[in-house]
Amino acid sequence: MPETTDRLPLRLLVAAPRGFCAGVDRAITIVERALEIYGRPVYVRHEIVHNKYVVDTLKEKGAVFVETVDDVPDGVPVVFSAHGVPKAVPHKAAERGLDYIDATCPLVSKVHRQAERQVDAGRHIIFIGHRGHPEVIGTFGQVPEGCMTLVETEADAEALQPAEPDNLAFLTQTTLSVDDTKAITDILQRRFPSIVGPRGEDICYATSNRQQAVKAIASSCDLVLVIGATNSSNSVRLVEVAEREGTPAKLVQRADDIDFTWLDGVGTLGLTAGASAPELLVRELVDKLSERFDVQEEVIESAKERMVFKLPRSLEAA
Ligand code: SF4
């Protein structure tokens, strides 16, 4: 006898890749290893990654999250978040004699080094990013004040009036929309033909793969759910990518955030997670959906990821 159910059928297309990237995985491991090596508490400057579940779990293990090095007591180790920090931050920690561990994602550090190189070459940098995001603050803090100009939109790029239009470089935040960034760099290259850009682009593999994966499912879905925090740049971009494909999308932090009225009339639901959201939250959401629906889950994989980043040498040795 076939199994019967009074739950409505729901086709669930789960995007892959989704969730944790290599930089987030590394940053969380750094805090966990620091707790093993130093014991509690270990201080962390800013949310190690933008995910409340991750932050709360690390708090339970003994991590203390603060916004500035000034809030770290003497003699206690401090970890800098995956988003990167201005140079002044490790300088200050060193002045105070604090043990610090830098969990900046190596792909963000790569942008930092590019910024230094462009300034050393005498170029002014046009930086494409979101004002106020910690990664942007960190990257601006790699070079002397006045060496970089922020561009957030195509309109900003059109309005730019640099002092030396023939002596420019551009760099980008790692977690931007691939399509929006291309539109902005097209404008910069049209207006300033000699502008120097990174080889390839600074948008990281995880951001582009997750955007590609959500694009691959969005047009087949009636609604897309993205698990991620409102301050997680790459998660917010996933919502935008789905919407651009013509499919409504909602950002949720946890399963309990779902309003089931969103699913009225939804036959096919898409699901993905930003780079700072653990897979456990995806499973939690699928379980929640299964309480109400007869969920037929399909994983749609658009890329394979094998990226792993090494831990800082000090931790590897310990
Ligand atoms: Fe690094 Fe990209 Fe992950 Fe950010 S999203 S931590 S840049 S791999």
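The values are calculated or read from the model by the stated rules, or taken from the named source; none is laboratory data. Model, not experiment: these values are computed from the prediction. Positions of Cβ are generated from backbone atoms using ideal geometry, with glycine treated the same way; all protein chains shown enter the neighbour counts. Note: areas computed on protein heavy atoms with side chains; ligands, DNA, RNA excluded. Shrake-Rupley method; radii C 1.70, N 1.55, O 1.52, S 1.80 Å.
Quick notes on this structure:
- Segment 186-245 and segment 301-318: distance between their alpha carbon centers, rounded to Å: 23
- Across all C-alpha atoms in the chain, the radius of gyration and Dmax reach 21.4, 77 Å.
- In this structure the amide hydrogen of Leu176, modeled in the peptide plane, comes within under 5 Å of the amide hydrogens of Cys204, none closer than 5 places in sequence on its chain.
- Linear extension gain, Lys110 paired with Val178, 0.36 nm per residue minus alpha-carbon span: 22.7 nm
- Within a Gaussian network of the chain (alpha carbon springs, distance under 10 Å), most fluctuating of Tyr53, Tyr38, Tyr205: Tyr38
- Helix 178-191 and the long axis of the chain differ in direction by around 40°, with both axes built from C-alpha atoms.
- C-alpha long axis of helix 279-292 to longest principal axis of the chain, angle in °: 30
- Eigenvalues of the alpha-carbon gyration tensor of segment 27-147, scaled by 5 and square-rooted, set the equivalent ellipsoid semi-axes at 28, 15, 11 angstrom, largest first.
- Protein accessible area in the chain, 1.4 Å probe - carbon and sulfur %: 48
- Extension gain, Thr230 back to Leu311 (0.36 nm per residue minus Cα-Cα distance, nm): 26.4 nm
- Convex hull volume per residue in cubic angstrom - Cα atoms of segment 107-191: 87
- With the helix formula -39500 (n - 2.57) applied to DSSP H stretches of n ≥ 4, the chain reaches a computed 222 nm mean residue ellipticity of -11500 deg cm²/dmol.
- Computed with a 1.4 Å probe over protein heavy atoms only, the accessible area of Thr104 comes to about 10 Å².
- Folded to 0 to 90 degrees: helix 22-38 orientation relative to the chain principal axis, Cα: 70
- Cα-based radius of gyration of segment 160-314 once divided by 2.2 N^0.38 Å, which approximates compact folds: 1.25
- Gained length - Ala159 relative to Lys304, 0.36 nm times residue gap less alpha-carbon distance: 48.3 nm
- Dividing the radius of gyration of the alpha carbons in segment 9-76 by their Kirkwood radius gives 1.13 for Rg/Rh.
- Label-to-label distance, nm, for residues given as Asn167 and Arg292 (7 Å Cα→Cβ offset): 6.0
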